[in-house]
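The structure appears below as structure tokens.
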Amino acid sequence: VSASTKDMTRRPAILSAMRGTGRLYAPTDIPSPDFEALEPGRKGLPRFEKVARMLTEELVPATGEPFGLTHLFDNDPDGSYGFYNRLVSEATIGAAPGDRSRLLRAFGARWVFASETDKYPLFHPVTGIVVGGQNFVLHVLDDPVAEVRWAGRADRRASLSAAIVLVRSERFRPETDVVLPGRQDRDAAATLVPGARLTLSRVAPEEAEGIVDAQADGHVVFARTYFSAWKARVDGAPTSVLVANARDLAVAVPAGRHTFQFTWDRAPFHR
């Protein structure tokens, strides 16, 4: 309340190095600020305004969003984190560097802002910054995966943990593959994936729609956290929304030219 509006609405310094669009991953285990690095107030503690500004510079989700940042695991339409979001987020934090990078790419990350000691093999560093006595590095991915994409190969896994293991493996190709729930584990055939043309008419936090022209049956994958409130239609008819890659959304679409639509049902929240 007592903070300077001008100071609190200033864009974080690291944003000047983020060219283009994409989702940002900022780990939840970022080191705590070093409060001794801040100028102390009258009672020996820093003013809370300084602490708040520090959190803004660290690009944590609650403070980064007003500056146009789209976070990878914190962008659900209803504002919650969700079970699937927490699951893959925790799996990402606990993974080895190579596996972590593959998970982030599969879920649509383009930027990573993390401690300088963390490694992200598929990403390359852009610049560094010191915030509250801690050293951070901004990383970028040159070939991020699209938010809405066509998957011609579908693997099946009986558990979410097994799905995550596959998604983080070198065998999985998020540009063409999807992992879906199944009664038992079943790998997709190791054949050439038929192509498809995807034309998008709208993509927003709470919806996506477009036209797909596919040579064979497959799935449209939408990079949003799965909730039962998500609904889908193919050629105007309601259809099932599947949990894709242990976290995202997918809908089955047959070969040929078809329209598809994902929408967020607000009725449960209203009730």
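Table for the structure above
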item: Neighbour-limited loop hits for trypsin sites (Lys or Arg not before Pro), segment 182-217 (at most 15 other Cβ within 10 Å; DSSP other than H, G, I, E, B); result: Arg183
item: Pairwise FRET efficiency - Ser228 versus Arg197, Cβ, R0 = 25 Å, nearest 0.05; result: 0.25
item: Segment Phe269-Arg183, length gained on full extension (0.36 nm per residue, minus Cα span); result: 27.8 nm
item: Positive minus negative residues near Asp177 (Lys, Arg vs Asp, Glu; Cβ under 9 Å); result: +1
item: The chain, dipole about Cα centre (Lys/Arg Cβ +1, Asp/Glu Cβ -1), debye to the nearest 20; result: 260 debye
item: Portion, in percent, of the accessible area of the chain that falls on carbon or sulfur, probe 1.4 Å; result: 52 percent
item: Matching label, Cα Rg over 2.2 N^0.38 Å computed from the structure shown, candidates (1) 1.11; (2) 1.22; (3) 1.06; result: (1)
item: Phe48 paired with Thr239, simple spin-label distance in nm, labels 7 Å along Cα-to-beta-carbon; result: 5.1 nm
item: Separation of the Asp217 and His258 label points, Cα + 7 Å toward Cβ, nm; result: 1.0 nm
item: His258, His71, ranked by accessible area, largest first (probe 1.4 Å); result: His258, His71
item: Accessible surface, the chain, averaged per residue in Å² (probe 1.4 Å); result: 52 Å²
item: Nonlocal amide H pairs with Ala250, under 5 Å, H built at 1.01 Å; result: Phe222, Leu242, Ala244
item: Residue order for Thr127, Thr191 - accessible surface, 1.4 angstrom probe, largest first; result: Thr191, Thr127
item: Computed accessible area, Phe123, all protein chains, 1.4 angstrom probe, square angstrom; result: 10 Å²
item: Net lengthening on full extension, Ser16/Ser115 (0.36 nm per residue, minus Cα-Cα); result: 33.8 nm
item: For the chain, built as a Gaussian network whose Cα springs stay under 10 Å, the top-fluctuating residue of Trp230, Trp111, Trp150; result: Trp230
item: Cut-off 12 Å between beta-carbons: net charge of the residues surrounding Ile93, Lys and Arg +1, Asp and Glu -1; result: -2
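The values are calculated or read from the model by the stated rules, or taken from the named source; none is laboratory data. Note that the structure is predicted; figures quoted are calculated from it, not measured. Here Cβ is always computed from backbone atoms with ideal geometry, including for glycine, and neighbour counts include all displayed protein chains. The area values use the complete protein model at the heavy-atom level, side chains included, leaving out ligands, DNA and RNA. Shrake-Rupley method; radii C 1.70, N 1.55, O 1.52, S 1.80 Å.
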